[in-house]
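The values are calculated or read from the model by the stated rules, or taken from the named source; none is laboratory data. All values reported here derive from a predicted model rather than from experimental measurement. A quick note on method: Cβ atoms are made from the backbone with ideal geometry, for glycine too, and the neighbour counts reach across all protein chains shown. Areas reflect the complete protein model, heavy atoms only, side chains present, ligands, DNA and RNA absent. Shrake-Rupley method; radii C 1.70, N 1.55, O 1.52, S 1.80 Å.
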Amino acid sequence: MKITKIETYILRVPLGEKTFFSSQCAFPERNSLLVRIETDEGLYGWGEGGQYGPPEPVQAAIRHVLAPVVLGKNPLDKDVIWHQMYNHTKDFGQKGTYIEAISAIDIALWDLCGKILGISVSRLMGGRQRDTVEMYATGCYYRGDQYLDLGKTLDALKEEASGYVDLGFKMLKIKVGLLSVEDDARRVEAVRHTVGKDVKLFVDCNHAYNANTAVRMGRVLAEHNVMFMEEPVLPEDVEGYRFVREKLDVAIAGGECEFTVYGFKRLISQGCLDIAQPDICCTGGISEYLRIRAFAQAYNVSVIPHAWGSGIALSVALQALASTPLEPHTANPVVCQNEPMIEYDRNFNPLRDELLIHNIGIQDGKVVVPDGPGLGVDVNMEILADYLVSGR
């Protein structure tokens, strides 16, 4: 069996009035880069990359640099192919675009291998620990033309947070960092009072702060029983991460902007993180995710993948979490505080909610892991065509 075709598709959805903001930028659109790898026997696999950066460079890297490395290979040699791609681009691509491109191809190969063998990716990763995954809602961004006017937005923020609870979410992640510490403290307080003490709250700063300001914000979060603080400082600021973690009781999460096990080696071994958050579609694919997870487990650091893209990206994270063991193990998993969870983005995104032939389901407040061969999902090509801006 040989790989005979690699196709790439850039998808884009303008958001218009649904544009939202983090501490770093506006999100006027949702986009993604999908890759489809096909064999001489007609089997194919889907992968994804470039879903929260510009997808065009990732497409170019696949088309012009990596496809010649991959074509003609046996897809079952996926780890061999991973290292060939990485070594081919190591001198100029240890982070960023080329790793995202490798990620997309690697995911497609895992999907393809699962289909060849007739088993799910989670079983291919070592077996299923669970068939459903705890979910937390990612929402409460800064929204609308009045997002800097706190008085006009708190009511909308409360309504949004209450809506997630009404939908059955027991965990919620909200944004901070675009406003002052004092104003964002009011946002956190408003959400906590709205959802009550039994809903777990997480906060994402999107690396808005220097270390001292992050500590100030972290102390506010502790007052409102926030469980973890994500990306408190710049991705490059290893010393700042360690300083913040040493000063706070709130767990520190990060890593969505990091690449490969080498990047996580630095963050984890230097005591920066309680929770590692590799984005499988960006950090090196499933093959590299397994190496990151194993390294993190040696340091008793939890791994919760960042999940942001289309239905393909969501299915990838679900397969990974289905195979993730409890760390540490407990004989009473019903009350376990270490059960892995999936980030469930609640912003408008047809690429997540419409693109798959069969949408990913929710059961009893948990996300159901697809159980078919490979990723267990497939793309509706008619819907893909509706959002396609550059393909093949």
Regarding Ser390, is this residue farther than 22 Å from Thr260 by Cβ, open to solvent by less than 50 Å² (accessible area, probe 1.4 Å) and modelled with pLDDT under 90? yes
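So that you can scan it fast, the table gives a plain yes or no per residue for (1) under 20 Å from Met171 (Cα atoms); (2) part of a loop (DSSP other than H, G, I, E, B):
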site: Phe295; (1), (2): no, no
site: Pro305; (1), (2): yes, yes
site: Ile312; (1), (2): no, no
site: Leu318; (1), (2): yes, no
site: Leu321; (1), (2): yes, no
site: Leu326; (1), (2): yes, yes
site: His329; (1), (2): no, yes
site: Asn338; (1), (2): yes, yes
site: Tyr344; (1), (2): yes, no
Hey, does segment 287-294 have a residue that's farther than 30 Å from Asp183 by Cβ and free of Cβ contacts under 8 Å to residues at least 12 places away in the same chain? yes
Filter segment 356-391 for residues that are without any contact (Cβ under 8 Å) to a residue 60 or more places away in the chain and assigned to a loop (DSSP other than H, G, I, E, B); the one that is farthest from Glu7 (Cα to Cα) is Gly361
Residue check, Leu76 against (1) touching a residue at least 60 places away in the same chain (Cβ under 8 Å); (2) crowded, with 20+ Cβ neighbours inside 10 Å, all met but one. Which one? (2)
Let me confirm something: among Val233, Val238, which residue is at pLDDT 95 or above and buried (at least 20 other Cβ atoms within 10 Å of the Cβ)? Val233
Mind checking which residues of segment 6-59 are surrounded by fewer than 17 Cβ atoms within 10 Å (Cβ to Cβ), assigned to a strand (DSSP E or B) and out of contact with any Leu (no Cβ under 8 Å at 6 or more places or on another chain)? Glu7, Arg12, Pro14, Ala26
Taking the options Ala108, Ala101, Ala67, name whichever one is more than 20 Å from the chain's Cα centre (by Cα) and within 17 Å of Ile10 (Cα to Cα). Ala67
Among the residues that make up segment 337-348, is at least one of them of a type in the set (Phe, Trp, Tyr), modelled with pLDDT under 95 and open to solvent by less than 70 Å² (accessible area, probe 1.4 Å)? yes
Any residue at all in segment 132-141 that is under 25 Å from Ala294 (Cβ atoms), out of contact with any strand residue (DSSP E or B) (no Cβ under 8 Å at 6 or more places or on another chain) and open to solvent by less than 10 Å² (accessible area, probe 1.4 Å)? no
Taking segment 249-270, which residues are open to solvent by 20 Å² or more (accessible area, probe 1.4 Å) and either free of Cβ contacts under 8 Å to residues at least 12 places away in the same chain or of a type outside the set (Asp, Glu) (or both)? Ala251, Cys257, Phe259, Val261, Tyr262, Lys265, Arg266, Ser269, Gln270
Subset of segment 295-305 (residues that are open to solvent by 50 Å² or more (accessible area, probe 1.4 Å) and either over 21 Å from Ala251 (Cβ atoms) or within 14 Å of the chain's Cα centre (by Cα) (or both)): none
